[in-house]
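The values are calculated or read from the model by the stated rules, or taken from the named source; none is laboratory data. Quick caveat, the model's predicted, so the values are computed rather than measured. Cβ placement follows ideal geometry from the backbone for every residue including glycine, while neighbour counts extend to all protein chains displayed. Heavy atoms of the whole protein, side chains included, go into the accessibility calculation; ligands, DNA and RNA do not. Shrake-Rupley method; radii C 1.70, N 1.55, O 1.52, S 1.80 Å.
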Amino acid sequence: MVYVGVDVGATYIRIGLIREDGSVINKVKIRQPVSGDENTVANVIIKSIKELTNGIHIDGIGIGSIGPLDLSKGIVPWAPNAPIKRFKLVEPIIREFKVTVILGNDAMAAVWGEYLFGIGKGINNLVYITFSTGIGAGVIVDGHLLVGKDGNAHEVGHIVIDINSRIQCGCGGYGHWEGLGSGANIPRVINEFIKNKSYKSRIYEKLVRGEHVSTEEIFQAYYDGDELARDFIDNYLMRVHAVGLANVMNAYDPELIVLGGSMALNNVDLFRIGIEKYLREYVAVKPARIDFTKFGDDIGIIGAAALAIKVPESLRMYVRHYEEFLS
Ligand SMILES: [Zn+2]
């Protein structure tokens, strides 16, 4: 049996041909189209799936997408970070390939991939959290994938970390975990952090001159021993992440939390030590183990395919079959 996993990100779309055991046969990474109508994204995906499968039979297609999603319509109604904000996914793809298609949120797909094939295999209380442009999570409690009324039961990136913060998240809220600690927001947060402070630091000099400093640059400076980068990451950012993770543990009582996303995977030791340092100040339950995905970037396609390989009970009502579109 061969499945297709489609990982729809804000910047890239990754598509993989995946075996029933979760192994990757072949894959491709394409850029999100920068302009077009509501069918453009699906058309780009269809073209790539055709090239990748080259006529071989596929047994199902799973899609893990940036959200928020409208699961019942199978569309992305408004993606704040993607170039095309509203696009169809399920219907055009199902019409083209005439197989069962299932859509889920990208982090929801990732936790399902870890549950079926990864380091979370068989662990019935499991959370996956991605640290990249945003902060997203997928949650399994008692073997049950959490979905919610609109598919947002696991949007822990928007839990409030700091009621006094006036830093606004992409969603519009203040003091959110994502707003204070995600890759897209760190450059703004560090500008707030340096107010009324002074450092002997290259990063600090750049910020004072009003220059933009990227998140990657701040982490690089950290390893170079930069005084501001050290203070910001060790004493602020790691506390933010520890508070976020403690909230997740307090809410869901997981046995294991799997971390992914470029920010975490490029700084594994830093995250491990930094979170450990602060976690116990905030956690009320027996703390979960924390580990890092072994799939790297492939977690998106493996997780998406996993949704089709073994459909989670809680998503069953949203599975669409070709026969429904025959009329
Ligand atoms: Zn938010």
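Per-structure values
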{"quantity": "Accessible surface ranking that places the most exposed of 239, 272 first, with a 1.4 angstrom probe", "calculated": "272, 239"}
{"quantity": "Enclosed volume per residue, in Å³, of the convex hull spanned by Cα atoms of the stretch 188-296", "calculated": "109 Å³"}
{"quantity": "With Cα atoms, 0 to 90° folded angle of helix 238-252 axis to the chain main axis", "calculated": "50 degrees"}
{"quantity": "Which of 201, 132 is most accessible, then next, and so on - probe 1.4 Å", "calculated": "132, 201"}
{"quantity": "Listed residues 262, 245, 321: farthest to the positive end of the dipole of the stretch 213-327 (Cβ charges)", "calculated": "321"}
{"quantity": "Subset of 29/98; 98/121; 98/149 violating a 26 Å alpha-carbon distance limit", "calculated": "98/121; 98/149"}
{"quantity": "Mean separation of Cα contacts under 8 Å, 6 or more apart, over the residue count of the chain: relative contact order %", "calculated": "22 percent"}
{"quantity": "The stretch 121-294 - percent of accessible surface contributed by carbon and sulfur, probe 1.4 Å", "calculated": "48 percent"}
{"quantity": "Rounded Å value of the spacing that divides the Cα centres of the stretch 199-214 and the stretch 101-167", "calculated": "34 Å"}
{"quantity": "Estimated FRET transfer efficiency (residue 273, residue 121; beta-carbon r; R0 25 Å; 0.05)", "calculated": "0.45"}
{"quantity": "Length added when fully stretched, residue 20-residue 316, from 0.36 nm per residue minus Cα-Cα", "calculated": "104.7 nm"}
{"quantity": "Solvent-accessible area per residue, Å², over the stretch 196-285 with all protein chains present [probe radius 1.4 Å]", "calculated": "49 Å²"}
{"quantity": "Nearest-ten-degree value, helix 268-279 long axis tilted from longest Cα axis of the chain", "calculated": "70 degrees"}
{"quantity": "FRET efficiency estimate (nearest 0.05) - Cβ-Cβ, residue 326 to residue 291, R0 45 angstrom", "calculated": "0.50"}
{"quantity": "Solvent accessible area, Å² - residue 158, 1.4 Å probe, full protein context", "calculated": "60 Å²"}
{"quantity": "The stretch 1-22 residues near the modelled residue 214 label - backbone nitrogen below 12 Å, point 7 Å along Cα→Cβ", "calculated": "none"}
{"quantity": "Point-to-point label distance, residue 46-residue 191, nm (Cα→Cβ direction, 7 Å offset)", "calculated": "4.3 nm"}
{"quantity": "Percentage relative contact order, the stretch 121-294, counting C-alpha pairs under 8 Å, at least six apart", "calculated": "24 percent"}
{"quantity": "Among 285, 133, 304 the positive-end extreme of the charge dipole of the chain (Cβ point charges)", "calculated": "133"}
{"quantity": "Difference of contour (0.36 nm per residue) and Cα-Cα distance, residue 224 to residue 205", "calculated": "5.3 nm"}
{"quantity": "Distance between modelled label sites at residue 12 and residue 38, nm, 7 Å Cα→Cβ extension", "calculated": "2.9 nm"}
{"quantity": "Residue list for the stretch 217-236, given a label point 7 angstrom along the Cα-to-Cβ vector of residue 198 and an amide N cut-off under 17 Å", "calculated": "227-228"}
{"quantity": "150, 70, ranked by accessible area, largest first (probe 1.4 Å)", "calculated": "150, 70"}
{"quantity": "Beta bridge orientation in the chain: antiparallel %, DSSP, nearest 5", "calculated": "60 percent"}
{"quantity": "Gaussian network model of the chain, springs between alpha carbon atoms under 10 Å - residue of 52, 180, 126 with greatest fluctuation", "calculated": "52"}
{"quantity": "Tilt relative to the chain, helix 106-117 - C-alpha long axis, 0 to 90 degrees, to 10", "calculated": "70 degrees"}
